[in-house]
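Derivation of every value follows stated rules applied to the coordinates shown; laboratory data play no part. The structure displayed is predicted, hence computed values, not measured ones. Every residue, glycine as well, gets a Cβ built from its backbone with ideal geometry; the counts of neighbours run over all protein chains shown.
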Amino acid sequence: MKDLIGSAGTVGGLLLRFFQFTFAFISFCVMVTVPGFSSVTAFCYLVAAMVFQCMWSLAIGLLDGYALLTGRRLQNSLLVSLFVVGDWVTSTMTFAAACSAAGITVLIDNDLHECGPNHCSRFEAAVAMAFLGWITISLSFFFSFWVLASR
């Protein structure tokens with residue numbers, strides 16, 4: 001079967017991993033710069049999920065880069081199954097963390113009206129980056145799942 005544009009071991013797959021890492025890293029950096037973020041469990045979960053997504057995306061991105069440099073194909077059934085499960089778990093964690101952090105941000109801003117001058121915009125930025133990371137990891141999951149299912 002011909003390689004899909006975003007599947008593992010392709011330039012598209014490497015770009016998806018790069019954007020996953022970038023969005024997760026930005027979300028992490030924005031969230032940890034907010035003083036007192038650790039007092040809210042949903043924000044701590046978002047930070048933990050973004051760290052996990054950064055590690056996963058960086059590891060698979062390095063593997064993609066190695067495959068591109070050496071000309072190897074990452075189409076082994078066991079390896080693609082690992083990508084599918086890893087992307088699925090990471091995608092689920094990222095979506096849950098982004099949704100919970102978004103819910104708390106809405107609660108603080110709209111319902112409690114206790115949003116400080118800078119905090120809500122930072123929370124919103126971190127959540128937006130988390131959702132963008134979720135979109136890119138979901139695309140990687142669907143491409144990997146398509147490759148696995150078409151075998």
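Which Cys in the chain stand alone, with every other cysteine's Cβ at 4.7 Å or more from theirs?
Among the cysteines of the chain, those whose Cβ sits 4.7 Å or more from every other are 29, 44, 54, 99.
Grab the beta carbon distance between residue 110 and residue 66, set R0 = 35 Å, and tell me the FRET efficiency rounded to 0.05.
It comes out at approximately 0.15.
Given the Cα atoms of the stretch 1-138, and with Rh set as the inverse mean 1/r over their pairs in the Kirkwood sense, what is Rg to Rh to two decimals? Walk me through the numbers before you get to the answer.
Details: Rg = 16.8 Å, Rh = 15.6 Å.
That ratio is 1.08, to two decimals.
Quick one: net charge of residue 61's neighbours, Cβ under 13 Å, K/R +1, D/E -1?
-1
Can you work out the Karplus-derived ³J(HN,Hα) for every residue in the stretch 90-97? Use 6.51 cos²θ - 1.76 cosθ + 1.60 with θ = phi - 60°, whole Hz, and x for glycine or proline.
Running phi through 6.51 cos²θ - 1.76 cosθ + 1.60 with θ = phi - 60° gives 5, 5, 5, 4, 5, 5, 5, 5 Hz.
For the chain, with a Gaussian network of springs between Cα atoms less than 10 Å apart, report the residue from 64, 111, 87 with the top mean-square fluctuation.
Among 64, 111, 87, the largest mean-square fluctuation in the Gaussian network model of the chain belongs to 111.
Go through the stretch 45-57 residue by residue and turn each phi into a ³J(HN,Hα) via Karplus (6.51, -1.76, 1.60, θ = phi - 60°); whole Hz please, and just put x for glycine and proline.
5, 4, 4, 5, 5, 5, 5, 4, 5, 4, 5, 5, 5
Quick one: 3J(HN,Hα) in Hz for the stretch 33-44, Karplus 6.51/-1.76/1.60 with θ = phi - 60°, rounded, Gly and Pro as x.
Per residue, the Karplus-derived 3J(HN,Hα) values read 7, 7, x, x, 5, 6, 7, 10, 4, 5, 6, 5 Hz.
For the chain, what relative contact order do you get, as a whole percent, if you take Cα pairs closer than 8 Å and at least 6 residues apart?
39
Only helical DSSP H runs with n ≥ 4 go in: add -39500 (n - 2.57) per run for the chain, normalise by residue count and round the 222 nm mean residue ellipticity to 500 deg cm²/dmol.
-27000 deg cm²/dmol, from helical runs alone.
Just to confirm my numbers, what's the Cα centroid distance between the stretch 94-147 and the stretch 1-78 in Å?
Centre-to-centre (Cα) distance: 16 Å.
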